[in-house]
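Just so you know, all these numbers are worked out from the coordinates, no wet-lab data involved. Keep in mind that this is a model prediction, so the values were computed, not measured. Every residue, glycine as well, gets a Cβ built from its backbone with ideal geometry; the counts of neighbours run over all protein chains shown.
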Amino acid sequence: ETGVTQTPRHLVMGMTNKKSLKCEQHLGHNAMYWYKQSAKKPLELMFVYSLEERVENNSVPSRFSPECPNSSHLFLHLHTLQPEDSALYLCASSQEFLGGGETQYFGPGTRLLVL
Amino acid sequence: GDSVTQMEGPVTLSEEACLTINCTYTATGYPSLFWYVQYPGEGLQLLLKATKADDKGSNKGFEATYRKETTSFHLEKGSVQVSDSAVYFCALSSGGSNYKLTFGKGTLLTVNP
């Protein structure tokens with residue numbers, strides 16, 4: 001039990017669909033992250049929120065739109081995705097986002113398949 | 001920029017064999033170093049970490065020592081179990097304004113009975 005939950009665990013969508021991924025952390029952390037994990041590639045950091053403000057957007061295409069309504073919840077809204085966006089999307093949280101030694105706690109991920 | 005290089009997998013071992021997964025890094029300043037593990041169908045879990053040179057992180061029989069002189073953080077276990085089968089990721093965080101975790105590509109370990 002990591003204290004970070006993600007829903008749905010699996011998602012299949014067409015390129016014209018709109019869907020959202022949800023992440024919730026029960027750890028009282030102030031920072032939350034979205035990562036993309038593709039086969040044979042390092043984890044790619046997509047977005048970082050600290051105290052509900054976005055502090056990082058790593059050149060992610062606009063078809064991915066994050067939302068952080070409060071410090072416990074993080075969403076990733078998806079629209080007009082491409083097949084190459086198929087991947088495991090991981091959410092993580094940490095107590096703070098500065099400090100270097102902060103441990104990030106990961107959710108189980110959403111396995112996304114874009115047809 | 002920061003980077004992490006870890007040994008290519010997959011690694012296949014018999015139960016009770018010794019494990020070493022090499023990890024070297026390039027970073028500015030004095031990074032914190034981590035090993036994360038991902039079991040099949042799950043997200044990443046922190047396995048161990050070290051925040052300064054010569055620190056040894058340990059957990060569940062795994063160990064790694066932060067070697068500044070060789071910029072390495074190799075993961076070791078003396079006797080692996082089938083339940084250790086997973087993907088292992090080495091990562092670093094430089095801290096300060098560069099808070100991001102930089103991950104290696106991961107090493108798949110399979111332990112056979």
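What would the Debye formula give as log10 I(q)/I(0) at q = 0.12, 0.18, 0.21, 0.23 Å⁻¹ for the alpha-carbon point model of region A:42-109, no solvent?
Rounded to two decimals, the profile gives -0.33, -0.75, -1.02, -1.21.
Around A:Phe64, what is the net charge, scoring Lys/Arg as +1 and Asp/Glu as -1 over all other residues with Cβ under 10 Å from its Cβ? Write down the numbers at each step before the final one.
On the way: positive: A:Lys36, A:Arg63; negative: A:Asp85.
So the environment of A:Phe64 carries a net charge of +1.
Please give the net charge around B:Thr20, taking every other residue with its beta carbon less than 14 angstrom from that of B:Thr20, where Lys and Arg add +1 and Asp and Glu add -1.
Values: positive: B:Arg67, B:Lys77; negative: B:Glu8, B:Glu63, B:Glu76, B:Asp84.
After counting each charged neighbour, the total is -2.
A:Leu11: net charge of surrounding residues, Cβ under 10 Å, Lys/Arg +1, Asp/Glu -1, itself excluded? Write down the numbers at each step before the final one.
Values: positive: A:Arg9, A:Lys19, A:Arg111; negative: none.
Computed value for this residue: +3.
Check the protein assembly as shown and count each lysine pair with an alpha-carbon distance under 22 angstrom, considering only pairs eight or more places apart or from different chains.
Value for the protein assembly as shown: 27.
When a footprinting reagent is the concern and you count Cβ atoms within 10 Å, what order do A:Lys18, B:Lys77 take, fewest first?
Values: A:Lys18 12, B:Lys77 20.
Placing the least packed residue first, the sequence is A:Lys18, B:Lys77.
Let me know the whole percent of all Cα-Cα pairs from chain A that are separated by more than 22 Å.
When every Cα pair of chain A is considered, 26 percent fall beyond 22 Å.
Given R₀ = 35 Å, what would the calculated FRET efficiency be for B:Lys60 paired with B:Thr28, taking r from the Cβ atoms and rounding to 0.05? Mind dumping the intermediate values first?
On the way: r = 31 Å, r/R0 = 0.89.
Calculated value: 0.65.
Can you give me the distance in nm between label points at B:Gln45 and A:Arg63, each placed 7 Å from the Cα along the Cα-to-Cβ direction?
3.5 nm
Spin-label point model (7 Å from Cα, Cβ direction): what's the A:Glu56 to A:His10 distance in nm?
Taking the simple label geometry, A:Glu56 and A:His10 are separated by 3.0 nm.
Taking the alpha-carbon centroid of each part, what is the distance from region A:64-115 to region A:2-16 in angstrom?
If we compute the Cα centre of each part, the gap is 10 Å.
How large is Rg over Rh for chain B, taking Rg from the Cα atoms and Rh as the Kirkwood inverse mean of 1/r across Cα pairs? Show your work: numbers first, answer last.
Details: Rg = 13.5 Å, Rh = 14.0 Å.
My calculation of the ratio gives 0.97.
Assuming R0 = 22 Å, can you tell me the calculated FRET efficiency for the pair A:His26 and B:Glu8, based on Cβ-Cβ distance, to the nearest 0.05? Present the calculation step by step, with values, prior to reporting the outcome.
Values: r = 37 Å, r/R0 = 1.66.
Rounded to the nearest 0.05, the efficiency is 0.05.
Can you pull the Kirkwood radius for the protein assembly as shown, inverse mean 1/r over Cα pairs, to one decimal in Å? Working shown, then result.
Working: mean 1/r = 0.0554 Å⁻¹.
Kirkwood hydrodynamic radius for the protein assembly as shown: 18.1 Å.
Please find the FRET efficiency linking B:Cys18 to A:Thr103, where r is the Cβ-Cβ separation and R0 is fixed at 30 Å, and quote it to the nearest 0.05.
On the way: r = 27 Å, r/R0 = 0.90.
Computed FRET efficiency for B:Cys18 and A:Thr103: 0.65.
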